[in-house]
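The values are calculated or read from the model by the stated rules, or taken from the named source; none is laboratory data. What you are looking at is a predicted structure, and each value in this text was computed from that prediction instead of being measured. With ideal geometry, Cβ positions are generated from the backbone for all residues, glycine too; neighbour counts draw on all protein chains shown.
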Amino acid sequence: MSELLIKNAVVCDPINKINCEKMDISVKDGKIVDSVSSGAKVIDAGGKLTMAGGVDGHTHCAGKINVGRFMSPHDMRMTNVPGLSGKEAPTATTRAQVGYNTPNAFAIGYRYAKLGYTTIGEAAIPIIGARHTHEEFEAIPILDKFGLTLFGSNWQVMEYIRDDEPEKLAAYVAWGLKASRGYGIKIVNPGGGEAWGWGKNVSGLDDPVPNFDVTPAQIVVGLAEANEKLNLPHSIHLHCNNLGKPGNYETTIATMKLLENIKSKRDRQVLHVTHVQFNAYGGTSWRDFESAAPQVSDYINTTDHMTFDLGQAIFGPAMTMTADGPVEYSNSRMLHAKWSNMDVELEDASGVVPITYSPKNFVNAVQWAIGLELALLVKDPWKVMFTTDSPNGGSFVNYPEAYTYLMSAKRRAEVIETLPEMALGRMNIPGIDRELDLYELAIMTRAMQSKMYCMDTKGHIGVGADADIAIYDLKPDSVDTSVEYAAVKKAFSGATYTIKGGEVVVKDGEITMTPEGRTYWVNAKMPQAVNDAMQVDLVQKFKRYYTVNQANYMVEDAYLPHPVEITTEAI
Amino acid sequence: MQTVTLSLKEKNTIPIEADAINPDNFASKSKDDIAAIMVWYGNAQSPIGDLFDVSIDGSDSAGNTKIIINGDVSRVKRIGQDMSAGEIVINSSVDMHCGSNMTGGKITINGDADSWLGCEMKGGEIELNGNGGYYVGGGYRGEACGMKGGKITVTGNVRDYLGEHICGGEIVVKGDVGLLPGISNSGGKIVIEGNTTMPASEMKSGTIIVKGKVAELMPTFKEDGTEEVDGVTYRKLLGDVNIAGSKGVLLVK
Amino acid sequence: MAVITDAICSLCGSLCDDITVTVENNVITDVERACILGRNKFVGMFLHDRIESPMIRKNGELVDVSYEEAIDEAAKILVNSKRTLSYGWCSTSCEAISKAIQLAEETGSLIDSTANVCHGPSALAVQEKGGPSATLGVVKNRADLIIFWGCNPAHAHPRHMSRYSSFSKGFFTQKGRKDRKMVVVDVRKTDTAKLADKYVELEQGSDYLYLAAIRSIVNGHEDVVPEVVAGVPKEEIIEVANTLKEAKFSCIFYGMGVTQSRSKYKNGDMVSSLISDLNQHSKSVMIGMRGHYNVTGFGQVATWETGFPMAIDFTRGAPYYNPGETGANDVLVRGDVDAAIIAAADAGAHFPQESLKYLAKIPVIQIDPYANPTTELSDVVFPAAVVGVEAEGTAYRMDGISLRMKKLIDTKFKTDEEITVDLINKVRELKGGA
Ligand code: SF4
Ligand SMILES: [Zn+2]
C-alpha cells in the first residue's frame, strides 16, 4: 500500500513522552513505522503542532442521538458554530449535512475529522437496541468507533448479583458484549433504570432496587469484579446515582471509594466515572447550590484507581440524552421542555430532553465552572478525559472553544465577567490560575484514552500505532496559548491535516476523502461450562419475558462490515 | 427612494423560491444587478431576470426601497423572507413563507397568502388583504417560538394554527379562523373578529380576544368574571390550567 | 424441504419474529404462528400477480423491456426533472431506504414515506412535546392498564394483543389479561373494543378536547371541566382519569384514529403531554401502532441520514423539512413536482383522488413486486424481490427495535436496494456526460 512521510512535525505525543519536539513521522500501510522508502509521498508540516488523532471516549453519536434528532427539526438549522454546524448541501466528496447538537451521521464523521479526531466511543448501547447503534456507526464516515454496553439495571445482572453468582455474571456480561458488539461495561444510575420502570428512582448507593433485593452499591461492585474477571480492556464506565441533584457530590465520592480495592491485571484504572460535572454539586437545593468540585478533586488527588471525564457545559442550546430515565423526566418538568423516554425491556431506561445553558442563569454558570474546576484542580492530567458528554453539556463542535478555557486564565476571566454575581460566590474558578499546556491537552484528548481503553494503537504516534494523525495550524515554539486563545481555537476548529489510517481525510479544514471507519468490540471468553450454565437461565428470560427471540437478538456480522475483534481470556 | 417593479413573465407550477426578493438585497442595485440575482426554480437556480420583467426607478437604501410585484405569483415562495426594512407590495396571491423571519419593513399583499405567512417574524408589518393559509405567524417544526414581534393584519379568513407558539407581537384577523388559534401562546396578542374553534389551548401567557363565536371552548380555562375592551364586555378566562404557571388571558363573548 | 425457525413476519409493525416457515422446492408450503395477515404475505405471494418483467409505457401500453432499457429510461426521467417526488419505501429494508435517500439527494428530489398517509402526525407530535415511550416488552412485563386509542389491533395487528399487550404474560403480569385492565377509546365499537373492560365512545374528531379534559382532571383542575366533553359525561371522564392515575403502569397505544382525525398531530401532542402529567402520579408511556412493517425504519434511517424522519426535500441541496409543504400529498395536490418514483408502497390505492389525478399527468417510475393500482399510473416499472421473503435486510418494529429479516427463498428478481443502486449509477453517468 501507500507510504507517507510527514516532515518538520512538532510532535506532542505524551504516550511516548514527546513534548512538542520537531521530528519526521513515517507511515506505511496505515501504520506508523520507523522509516519509509524514498518514494513515499511527503507532507511538510512546516513546524506545526502534530498530535495523534483525537479520541473522544464518551460521546453520544449513534442510537439514542436519533431520538434527539427526531424530536428536534429546529436543531438542523442551528448555525451556532460557523463551519461546524447547520445545513450544508452535498458536494462531490461529502453527503448533505445538517444540525448542531444532533447532526446527521455524515456530519458527525466530517466534523470530528475536521477537529482532528479519528476515534469516537458511543457511551450507551442497550443490548436489544445494539443493531441500531451499529447501523448508525456504519453511516458515520471516516472515524473508528466503539461503544459501551449498558448493564446497570439489567435483570439478569441484578439477579446474579443478588444470588451471588459471580461466574455466571461474568459469563452473562461476556455474552452481552458479544450480543451488542460492545467494547465495555457501562453502568448508568445503577438500579435507577429498573426503579424508573415504576416511575421511581433509587436515592443512593444503599437504596435497594424495587423487587430485586439488590443495592446500587452491590451492582457497581459486582460488575467491577466481573469486568476484571473478564480482563476487559476498559474498566467499568460509571454514571453515578443522583446525577444532576444538589448535594450529589457525597454520593459521587462514596461511589469512587467503593471501588478502591478492586484489582485489575491490566495497567489501567478499575473505575471510570463519567461526566463528573453533573455529579459534583454541593448545597441542599437549587437555592444554595454550589460547586463541590474541590471536594471531589481533593479525593481524586489522593487515589490512583480511577479516571473520569468532565461533561463540560457549553453556554447555548444543548441536548441531554442518557439512560438515566428518571433524571430526564425531572429535567423536562423543571425546564418545561419536551421529553422523550424509552424504557428498554429487562435492561434499562433512557430519556432525551433539550436544554439551554445560559450564562445569565446562576445554576448554569456554576455548572460551567464545575467542569473547568475539575479539570484544573485534579493534578494529574492522566486521570482526566476531556468531554462535554456531547451533546449533553454541549455539542462536540465546541471543543476548540472549551480548550481555550482550560489553556487561558485570561479567556476564562472574560467569560467570568459575564456571569451573575450570585454565581461567582458559588464557584472557585475565578481563583484558579492553572493553565494547561499543549502537552497536557494532548493527554486529556488522546493519550489518556489510549491507556484507559487499553487501545495501544490509538492516541499516540509511536511505531506500531495506527497512522491517525492531526496537524494543527499552531507553532508550539512561538505561540503563547494563554494569550493567543483566538489562534488556538481557530487551529483546533479545522485541522491543517487530519490523517486517518494513513490517508489524508482533511486538508486545510476541508474533507478530502471519506473512507469507512472500523468498529472495535470485545469478545471475552469464559469457560464453556459457565457459559452453558448461564445460558440455561438466559433461555428462560427469552422464553418468558423478552419480546424478541434469542435467535434474533444478537447483532449479526452483517452490521459490522469493518470489525476489529479484541479477545480476552477470563482470569 | 428606489422602486423596483417585478412582473412574473409566465406563471409557473413548480414553485420558485424567492428569498432573494427583499429590499435588503435590492437596495442601491442597478436593474442588471437585480436581474442577475439568483432564485431557486425547482432543483436549479435561475436569474430573476429570466423569470421576471424588472424595471427600476431610483437608487436608495433598503429602508427607502419599495418592491412592487405584479403577475400571478401564487407559486412564488419566500418573498420578503428575512427582510429588515423597506416595503414590498404584492398585487396577486402569494405562495408560502412570505415575510417569514422578517425583522422590519412592511409587506402588503393584495390577494391571498399561502401557509406560514410571517412565520417566526420578529418585527415589521404584514398587511394581508385577502385570506391566509395555515400557521400565519407561527413557528417552524420543533421551534419553541413562532412570531416574536411585529404585526400581521388579515382582512379575510385564515386556516388552522394561527399564531402557533407565538411569543410576542400582534395578529389581527377580521374574518374567521380555523382550529386552535394561539396554541401555546407565550406572550403574543391575537384578536379574532370572526368565529373560531378551540382557541388558546396550552396558552402560557399573552392575550387572545375572540369577538365572534367560539365553537368549542377548551376544558382548560377558569372563569374570572368579565373584562371590558374598547367598550365591549367579554367573559374573561384564565389558563391554560394545564400549563404550569400560566398567566394567559382569553376573552370571549 | 427446509424448515426455517425464528423467521420475521414482514407485514405489520408488530414484526413478529417467531415464525416457522417450511420451504419445499423454493415454495413456502407451511407457516406456523403467523396470523392470517402474515400468512397471506408468506403464502399469498405465490397467488398474487407478480410483475414479471421490467416495463416501459409505449403508446399508452406497458410493454416488456430489458432491465437496462428500463434503468436508462428511469434515469433520464430523474435527470430531466426539475423536482421529483420519491415516495413509499416502507415495505422494504433499511438498506434499500438508505439508497433511496442517496438517490433523492443526488437528484435534488423530495422523498417521503407512507407516514404521509398514516403516522406522520405522530412524528410532528414528538417534535412538539417528545415521545415518552417504551419497548413492547416493557408493556408485556409491567402494564396493568392498556389503552387502545383510535386503533383496532384485532384487525390491523392481530398478534399484538397476545404477544405484547392485553393477553401477554410477563414478569409482573404473570396472570396476563387478568392482571390488566383494558380500555378502548374510539368513535365506533370495534372488535378490539368488544374485548375491553371499558369502552369510551367519542364524537368524531373530538379526541383533542377529551384528552385536554382528562389532563385538567389529572392535574387537579376538575372544576374547569364542563358537564359533557366530546360527547362524554364528566363523571365518565373522571373515571378514566382516575383509572390512569391509579394504574401502576399504563400504556396508550394510539392509531390512525388519533393521527388522522381532526386536529391531527395536535392530538398526539396532547397524548404526549398527558403522559408527562401522568408520570407525576404513576408510570405511563405511549406507543404508536405503526402499520407498514418498516415505516418506523424509514423514519429511523432518514433521521440519521438527513436529520428528518419524512417529507425531506433536497430541491435546494441541503435537506429541508416541512410537512404541510414537503409531504407527498402536499406536493401532488399543488402540482409542485414533475416526476415521481414510487417504491414498496401503493400510492394508487391510498392517495386521495386529487393526488392521483396529478400523478397520472407526470412520468412515474414504480419499483414493486406486485402489479397494483400504482402500476396503472406508471411509465417505467421494475419488478422487485419481496423483502423479508426473497431478500434479507433490516426492519424496525413499531417500538423502534430493529430486527434482521431473513431470506427464505431464492428469486430471479433484483432487490429494491440493487435497483436503486443501479439508478444512482446511471444518473451519475448521465449527469457526468452532460
Ligand atoms: S401480527 Fe403482524 S407481524 Fe405478527 S404475524 Fe400478524 S401480520 Fe405478521
Ligand atoms: Zn453520556
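Under 9 Å between Cβ atoms, which residue pairs at least 6 apart in sequence (or on different chains) link something in the range C:32-52 that is more than 14 Å from ligand 1 (Cβ to nearest atom) with a partner that is of a type in the set (Ser, Thr, Tyr) and in a helix (DSSP H, G or I)?
C:Ile51/C:Thr375
Being among the aliphatic types (A, V, I, L, M), assigned to a loop (DSSP other than H, G, I, E, B) and either within 16 Å of ligand 1 (Cβ to nearest atom) or buried (at least 22 other Cβ atoms within 10 Å of the Cβ) (or both): is that true of C:Leu15 here? Outline the logic, then answer.
Details: among the aliphatic types (A, V, I, L, M): yes; assigned to a loop (DSSP other than H, G, I, E, B): yes; either within 16 Å of ligand 1 (Cβ to nearest atom) or buried (at least 22 other Cβ atoms within 10 Å of the Cβ) (or both): yes.
Here the answer is yes, as C:Leu15 does meet what is asked.
Name the single residue that is surrounded by the most Cβ atoms within 10 Å (Cβ to Cβ) among those in the range C:18-31 being away from ligand 1 (no atom under 14 Å from the Cβ) and of a type in the set (D, E, K, R).
C:Asp30
How do the helices (runs of 4 or more DSSP H) wholly within the range C:221-338 filter down when requiring 1 or more residues that are at positive phi: which remain?
Working: elements: C:234-246, C:256-259, C:264-278, C:295-306, C:328-334.
Where helices (runs of 4 or more DSSP H) fall fully within the range C:221-338 and carry at least 1 residues being at positive phi, they are C:264-278.
Residue-by-condition table, conditions (1) buried (at least 24 other Cβ atoms within 10 Å of the Cβ); (2) touching a Ser or Thr at 6+ places or on another chain (Cβ under 8 Å); (3) modelled with pLDDT of 95 or more; (4) outside any loop (DSSP other than H, G, I, E, B):
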position	(1), (2), (3), (4)
A:Pro354	yes, yes, yes, yes
A:Asn364	no, yes, yes, yes
A:Trp368	yes, no, yes, yes
A:Leu372	yes, no, yes, yes
A:Asp389	yes, yes, yes, no
A:Ala442	yes, no, yes, yes
A:Met455	yes, yes, yes, no
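So, of the residues in the range C:2-12 that are within 13 Å of chain A (Cβ to nearest Cβ) and more than 9 Å from ligand 1 (Cβ to nearest atom), which turns out to be surrounded by the most Cβ atoms within 10 Å (Cβ to Cβ)?
The extreme case among them is C:Ala7.
For the structure I just gave you, tell me whether A:Ala62 is closer than 24 Å to A:Leu177 by Cβ, away from chain C (no Cβ under 14 Å) and touching a residue at least 60 places away in the same chain (Cβ under 8 Å). Please lay out each step first, then the result.
Values: closer than 24 Å to A:Leu177 by Cβ: yes; away from chain C (no Cβ under 14 Å): no; touching a residue at least 60 places away in the same chain (Cβ under 8 Å): yes.
No; evaluated as a whole, the condition is false for this residue.
Based on what the data block shows, is A:Glu328 at the interface with another protein chain (Cβ under 7 Å from one of its Cβ atoms) and charged (D, E, K, R)?
Values: at the interface with another protein chain (Cβ under 7 Å from one of its Cβ atoms): no; charged (D, E, K, R): yes.
In short, no.
Among the residues of the range C:308-316, is there at least one that is more than 19 Å from the chain's Cα centre (by Cα), surrounded by fewer than 24 Cβ atoms within 10 Å (Cβ to Cβ), within 10 Å of chain A (Cβ to nearest Cβ) and over 28 Å from C:Tyr208 (Cα atoms)?
Yes, the range C:308-316 contains a residue that is more than 19 Å from the chain's Cα centre (by Cα), surrounded by fewer than 24 Cβ atoms within 10 Å (Cβ to Cβ), within 10 Å of chain A (Cβ to nearest Cβ) and over 28 Å from C:Tyr208 (Cα atoms).
For the range A:281-327, what are the residues that are within 16 Å of ligand 2 (Cβ to nearest atom) and among the β-branched types (Val, Ile, Thr)?
Quick first cut of the range A:281-327, residues within 16 Å of ligand 2 (Cβ to nearest atom) only: A:307-314, A:318-327.
Within the range A:281-327, A:Thr307, A:Ile314, A:Thr320, A:Thr322, A:Val327 meet the criteria.
In the range C:184-196, is there at least one residue being assigned to a loop (DSSP other than H, G, I, E, B) and within 20 Å of A:Tyr546 (Cβ to Cβ)?
Checking the range C:184-196: not a single residue is assigned to a loop (DSSP other than H, G, I, E, B) and within 20 Å of A:Tyr546 (Cβ to Cβ).
In the list C:Leu332, C:Leu278, which residue meets the criterion of being in contact (Cβ under 8 Å) with a residue 60 or more places away in the chain, facing chain A (nearest Cβ under 10 Å) and of a type outside the set (Gly, Ala, Ser)? Steps first, answer last, please.
Working: C:Leu332 fails: facing chain A (nearest Cβ under 10 Å).
The conditions single out C:Leu278.
Please state which of the following conditions C:Val43 fails to meet, knowing it meets all the rest: (1) surrounded by 19 or more Cβ atoms within 10 Å (Cβ to Cβ); (2) within 24 Å of the chain's Cα centre (by Cα).
Just one mismatch for C:Val43, condition (1).
Kindly check whether there is at least one residue in the range A:303-319 that is touching a Lys or Arg at 6+ places or on another chain (Cβ under 6 Å), more than 16 Å from ligand 1 (Cβ to nearest atom) and within 30 Å of A:Gly425 (Cα to Cα). Let's see the steps before the verdict.
Of all residues in the range A:303-319, those touching a Lys or Arg at 6+ places or on another chain (Cβ under 6 Å) come to A:307.
With more than 16 Å from ligand 1 (Cβ to nearest atom) added as a condition, the list becomes A:307.
Filter once more, keeping what is within 30 Å of A:Gly425 (Cα to Cα): A:307.
The answer is yes, given that some residue of the range A:303-319 is touching a Lys or Arg at 6+ places or on another chain (Cβ under 6 Å), more than 16 Å from ligand 1 (Cβ to nearest atom) and within 30 Å of A:Gly425 (Cα to Cα).
Among what's in the range C:133-176 and is aliphatic (A, V, I, L, M) and assigned to a helix (DSSP H, G or I), pick the residue that is farthest from ligand 1 (Cβ to nearest atom).
Taking the range C:133-176 as the starting set, the residues that turn out to be aliphatic (A, V, I, L, M) are C:134, C:136, C:138-139, C:143, C:145-147, C:154, C:156, C:161.
Of the ones still in play, those that are also assigned to a helix (DSSP H, G or I) are C:136, C:138-139, C:154, C:156, C:161.
Numbers: C:Leu136: 12, C:Val138: 19, C:Val139: 15, C:Ala154: 11, C:Ala156: 8, C:Met161: 9 Å.
Across the range C:133-176, the extreme among qualifying residues is C:Val138.
Could you say which residue among C:Ala134, C:Ala125, C:Ala156 is touching a residue at least 24 places away in the same chain (Cβ under 8 Å), outside the structural domain of C:Arg316 (by TED's automatic domain parsing) and within 30 Å of C:Asp336 (Cα to Cα)?
On the way: C:Ala134 fails: within 30 Å of C:Asp336 (Cα to Cα); C:Ala156 fails: within 30 Å of C:Asp336 (Cα to Cα).
Just a single option satisfies the conditions, and that option is C:Ala125.
Just one of A:Asp206, A:Asp213, A:Asp267 is farther than 30 Å from C:Phe249 by Cα and either away from ligand 1 (no atom under 16 Å from the Cβ) or crowded, with 24+ Cβ neighbours inside 10 Å (or both); which is it? Working first, answer last.
Values: A:Asp206 fails: farther than 30 Å from C:Phe249 by Cα; A:Asp213 fails: farther than 30 Å from C:Phe249 by Cα.
The unique qualifying residue is A:Asp267.
Return yes when A:Trp155 is more than 16 Å from ligand 1 (Cβ to nearest atom), surrounded by fewer than 24 Cβ atoms within 10 Å (Cβ to Cβ) and over 25 Å from A:Ala224 (Cβ atoms) and no when it is not.
Working: more than 16 Å from ligand 1 (Cβ to nearest atom): yes; surrounded by fewer than 24 Cβ atoms within 10 Å (Cβ to Cβ): yes; over 25 Å from A:Ala224 (Cβ atoms): no.
No: the conditions fail for A:Trp155.
Among (1) more than 9 Å from every other protein chain (Cβ to nearest Cβ); (2) farther than 28 Å from C:Ser93 by Cα; (3) without any contact (Cβ under 8 Å) to a residue 60 or more places away in the chain, where does A:Gly86 come up short?
(1)
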